[in-house]
1. Can you tell me how many residues within the range 285-306 are within 12 Å of A351 (Cβ to Cβ), without any contact (Cβ under 8 Å) to a residue 24 or more places away in the chain and either touching a strand residue (DSSP E or B) at 6+ places or on another chain (Cβ under 7 Å) or open to solvent by 70 Å² or more (accessible area, probe 1.4 Å) (or both)?
2. So, A311, is that one free of Cβ contacts under 8 Å to residues at least 40 places away in the same chain and not aromatic (F, W, Y) or not?
3. Among the residues of the range 192-221, which ones are over 41 Å from the mean Cα position of the chain (by Cα), free of Cβ contacts under 8 Å to residues at least 60 places away in the same chain, assigned to a helix (DSSP H, G or I) and surrounded by 12 or more Cβ atoms within 10 Å (Cβ to Cβ)?
4. Cβ-Cβ below 9 Å, separation at least six or inter-chain, first residue in the range 332-344 and touching a residue at least 12 places away in the same chain (Cβ under 8 Å), second crowded, with 17+ Cβ neighbours inside 10 Å and not in a helix (DSSP H, G or I): which pairs?
5. Could you list, in sequence order, the residues of the range 33-53 that are modelled with pLDDT under 90 and farther than 20 Å from D72 by Cβ?
6. In this structure, is G67 modelled with pLDDT of 65 or more, in a loop (DSSP other than H, G, I, E, B) and of a type outside the set (D, E, K, R)?
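The values are calculated or read from the model by the stated rules, or taken from the named source; none is laboratory data. Here the structure is a predicted model, which is why all the values come from computation and not from measurement. Counting neighbours? That spans all protein chains shown, and the Cβs are built from the backbone with ideal geometry, glycine included. SASA here: full protein model, heavy atoms, side chains in, ligands and nucleic acids out. Shrake-Rupley method; radii C 1.70, N 1.55, O 1.52, S 1.80 Å.
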Amino acid sequence: FPLDAALNGNGEAEKPAASDRCCTVFPQHTFLNFTKVLTFFRKEAFELTAKYAESGAALPDGRTELGTYKVDLPRQAERRKVKVKAHLTVHGTFEISSAQLVEEDPEESGEAPAAPDATVPPATPDAEDDTPSAGKRRASGAAGGPRKRLRRTDLDVTPVGRPGLAAPELERRRADEQRMIAEMREIVERNARRNDLESYILTMRSGVAAGAKFGDYISEADRGRFTAQLHKAEEWLYEHMDEEKQVFVDKLAELKVIGGPVERRFREEERRPDLIAALEKAAQDSRAAIRQAKPKNGDGEKLRSLNMACAEALKWLAEAREKQSKLTRREDPVLDGDVMVARTEEINRLAEAAFEQPREMSIDAMSDGVPPSPLHSDAGELKRRSSVDVD
């Protein structure tokens, strides 16, 4: 891409030769998403015209021009430095992304500030220049005096005649693109919900059979009724593959009226032993710590609260285990796992407050849903040791 810096007839007396006014900014094989900063010295607004360097690399309509960019520089008393950023986008298109007026900051240089031009927008100070000679000036400034500060003022860049669609057409196509994205997202969601329904039907139909995974957790009457419901749902599904997403969600919810409690009974049976052991250990460890504790001022009430919580938890656990032993796997459990987790966490929280030991919960410790005791935490012990072993 060459950049043809053509003046727009704004009254400057001398114009450089055509060969001096044109340079190749992005030669062939330049990396995409690449930016170059060009420096101009101008007193007023000027135009830059971009075009292909070779006539053979023309647009489909035969044009070589890539557009004209007008840099809106307010009229100045003398030539000012203007930095223009030319950008080769990641899509391989050319654009002038920004332009800035670069001036010395009069407040920092000690010079009397010139009368501001009312048409120039507010400037932002910049600590250093980024021209090729900036390093030399910084070195000389360090040796001979304070470093000069620069201020940069953003200038408006107006593109004209760029190839591509008009703004209204481009906006319309963007709206169409967003609409197609939303439609595709809805299709993906609908297919996912349909697959969820199909997977649930096949999994539960084989799972509730006698001797299968969920076979002991459903009554014979519910097994026959649920199996018939699953067969009916499967036939309906293969005849209604293109229904809306919410229809599949509602159909799955209907099946889980019977299947949900069956899955819950199975999960409760699986995790019950670990949760019972965790609750008993938390209560017993806390009681043992209470017997060995030497209460300080204000700790007696905390220890009594902890001791009461341990007693209530063990009493509830004993009564619930007795009731649970009289139930079959086909009946809903009374020894609820979530209640055991809540009571274990309450004991751990009271133990932390009573003994002032922060609880360390690692991912491994919580992977099975069992909260660790703050009184027997390897992570906490490691943390306490590391705090005194640091050199």
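1. 1
2. Numbers: free of Cβ contacts under 8 Å to residues at least 40 places away in the same chain: yes; not aromatic (F, W, Y): yes.
Considered against the rule, which asks whether it is free of Cβ contacts under 8 Å to residues at least 40 places away in the same chain and not aromatic (F, W, Y), A311 comes out as yes.
3. G215 - this is the single residue of the range 192-221 that is over 41 Å from the mean Cα position of the chain (by Cα), free of Cβ contacts under 8 Å to residues at least 60 places away in the same chain, assigned to a helix (DSSP H, G or I) and surrounded by 12 or more Cβ atoms within 10 Å (Cβ to Cβ).
4. Close Cβ pairs satisfying both conditions: V341/V370; V341/P371; T344/V370; T344/P371; T344/S373.
5. The answer is K51, Y52, A53.
6. Details: modelled with pLDDT of 65 or more: yes; in a loop (DSSP other than H, G, I, E, B): no; of a type outside the set (D, E, K, R): yes.
It is false that G67 is modelled with pLDDT of 65 or more, in a loop (DSSP other than H, G, I, E, B) and of a type outside the set (D, E, K, R).
Results for (1) assigned to a strand (DSSP E or B); (2) of a type in the set (V, I, T); (3) touching a helix residue (DSSP H, G or I) at 6+ places or on another chain (Cβ under 8 Å), shown as yes or no for each residue.
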position: T30; (1), (2), (3): no, yes, no
position: T39; (1), (2), (3): yes, yes, no
position: E54; (1), (2), (3): no, no, no
position: P74; (1), (2), (3): no, no, no
position: V102; (1), (2), (3): yes, yes, no
